[in-house]
Every structure is written in C-alpha cells, then in structure tokens.
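Colleague: Starting off with a structure, shown below.
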Amino acid sequence: MHIEPGIVTGAKLVLSYATGAVAAGCAFKLVVETVRAQGIVSLAVRTVATTVLVFSFFELLPHFRVGVSEVHFILGSTLFLLFGAAPAAFGLALGLLLQGLFFVPTDLPQYGMNVTTLLVPLFAIQALAGRIIPRNTAYVDLQYRQALALSTAYQSGIVGWVAFWALYGAGFAADNLASIASFAASYALVVVIEPLADLTVLALAKSLRGVTADGLVTYRLHNGA
C-alpha cells in the first residue's frame, strides 16, 4: 500500500507528517500499556519479531502496483492477533522504514502517509476486537467470521486512507478516480486470503500452546482478557 511518489507533493506533505505523528503518539500510548502488562523485554522481543516479519512481507510476498498504490499482503490482523497492538504497530512502522532506507528511498517522502495508512486501521481493529470478541475468548479460538471482520476492517481502512491521500493530492479527475477504484477492487483478493491466513496461524499457535513462551506472544493469544 505504498502511495506512489508524486501524488502528494510540496506543502501538502505537511499533513502526512502531522497524521504520522499522531499515529506515533497512539502507538507510544499502547507501549506504556503493553509494558505494564507483559514487561519491556517481552515488548522488545515481539517488536523485533514483527519488524522482521513485516520487512519480509514487503520484500518477499507477491506485490504489484495497481492504480495509485501497491497491493501487498500485509497481514496486519495476523500480527495483531499474535503479538498485540503495540508490537504490531512498531513492526509495521519499522519494517516500512527499513524497506525505504535500504531498497526504495523514493518512498521516504511518503513515509508519513504510508505509516498513517498502516497504523490507523490497526488501532481500529484493536477497538473492533474488543467489541466482537468475548472477553473470555482467547484469540486462538476465534471463528472465521470474527477473523474475517478484523481482516476486512483492516483492509477497508487501508483502502480508505489510500483513497484519501490520492484525492487530497490529485483531486477528483476521472483518471484519478479510476486509479483509486482499480486499487480498491484489487484488494478483494487480500480480504479473502488474509482471514484464512489468520485462522491457519492461530490453529498452529493453538497446537503449540504448551511450548509457546508467554513473553513471545500477546497474553490474549492463549487466554481470555
């Protein structure tokens, strides 16, 4: 979901810095809560794990440019369910930054937009999970409809932010609207596949419950709230 260079330029980039800063502030708030719950070592280990995974997702999984952005299998809901919101947020932000620094420096001016696009939907599915998943239900016991709701919400958030940045930067011209529509349509495949990935990973985690150290995953993975 990398916003293509040249869509938002000049003074308009200031807004992306502002939204990126707000997203970072929300992520740091989650850090405080996570450290209180499982400790700083657990947070650090999970953040390293999510960063490596995100970097691998961006570089190794299939991705292709469609319209105003790129389509990626980000697996944001999977990261959230396995590692928790704070490690997932920092993993997404750091993985994206590392990719820009080492492989795609032309993406760096768009970093504020891209990190906003990744993190705000993550915060949204954290709130959604609190509403649709009973407190006594561990994440490994999720049903398909719950995983689908989380994944769909995350991907819808990404599409919504991409559309916002494209309209903000390039306006409502017919070709821009067509590019946004083609990008949104391409994410239908992602919405179908990612809940299956969530359930597959959760089933594996459930089978490994006895050998999975609590500090390496979010507490909620194997326990009710």
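The values are calculated or read from the model by the stated rules, or taken from the named source; none is laboratory data. The shown structure was predicted, so the numbers you read here are calculated from the model rather than taken from an experiment. Glycine gets a Cβ as well: all are built from the backbone with ideal geometry, and neighbour counts include every protein chain shown. Only protein heavy atoms, including side chains, enter the accessible area calculation; ligands, DNA and RNA are left aside. Shrake-Rupley method; radii C 1.70, N 1.55, O 1.52, S 1.80 Å.
Colleague: If you take every residue apart from I133 with its C-beta less than 14 Å away from the C-beta of I133, what net charge results, scoring Lys and Arg +1 and Asp and Glu -1? Before the final figure, lay out each step's value.
Modeller: Working: positive: R131, R135, R145, R220; negative: D141, D198.
The answer is +2.
Colleague: Pull out the extension gain between Y168 and E33, defined as 0.36 nm times the separation in residues minus the alpha carbon to alpha carbon distance; nm, one decimal.
Modeller: On the way: separation 135, 0.36 × 135 = 48.60 nm, distance 3.40 nm.
The Y168-E33 span can extend by a further 45.2 nm.
Colleague: Per-residue accessible area for D214 at 1.4 Å probe radius, Å² rounded to 10?
Modeller: 90 Å²
Colleague: Using 1/(1 + (r/R0)^6) with R0 = 45 angstrom and r between the beta carbons of L13 and D141, what's the FRET efficiency to the nearest 0.05? It would help to have the intermediate numbers written out before the result.
Modeller: Working: r = 44 Å, r/R0 = 0.98.
Rounded to the nearest 0.05, the efficiency is 0.55.
Colleague: If I take all pairs of Cα atoms in the chain, what percentage of them are more than 24 Å from each other? Don't jump to the answer; show the numbers that get you there.
Modeller: Working: 10437 of 25200 pairs.
More than 24 Å apart: 41 percent of the Cα pairs in the chain.
Colleague: Sticking with the crude label model, points 7 Å out along Cα→Cβ, report the distance from V41 to T106 in nm, one decimal please.
Modeller: So the two model labels end up 4.5 nm from each other.
Colleague: Given a 1.4 angstrom probe, what's the average accessible area per residue across the chain, in square angstrom? Display every interim value, and only then the final one.
Modeller: Numbers: 10070 Å² over 225 residues.
Per-residue value: 45 Å².
Colleague: When only the heavy atoms of the protein chains count and the probe is 1.4 Å, how do I180, I40 rank by accessible area, highest first?
Modeller: Numbers: I180 25, I40 115 Å².
Heavy-atom accessible area, descending, gives I40, I180.
Colleague: Most mobile of A85, A93, A170 per a Gaussian network model of the chain (Cα springs, under 10 Å)?
Modeller: A170
Colleague: Let me ask another. Using a 1.4 angstrom probe with every protein chain in place, what is the largest-first accessible-area order of S182, S69, S207? Each step should come with its number before you reach the end.
Modeller: Details: S182 50, S69 0, S207 85 Å².
The ranking, largest first, comes out as S207, S182, S69.
Colleague: Would you mind calculating the relative contact order of the chain from Cα pairs under 8 angstrom and at least 6 residues apart, reporting the percent as a whole number? Please list the in-between numbers first.
Modeller: Values: 308 pairs, mean separation 70.2, N = 225.
So the answer I get is 31 percent.
Colleague: Would you work out what percent of the accessible area of the chain, with all protein chains in place, is carbon or sulfur (probe 1.4 Å)?
Modeller: That share works out to 71 percent.
Colleague: Hey, another quick one. Would you mind telling me which residue in V162, V190, V41 has the biggest mean-square fluctuation in a Gaussian network model of the chain, where springs connect alpha carbons within a distance under 10 angstrom?
Modeller: V41
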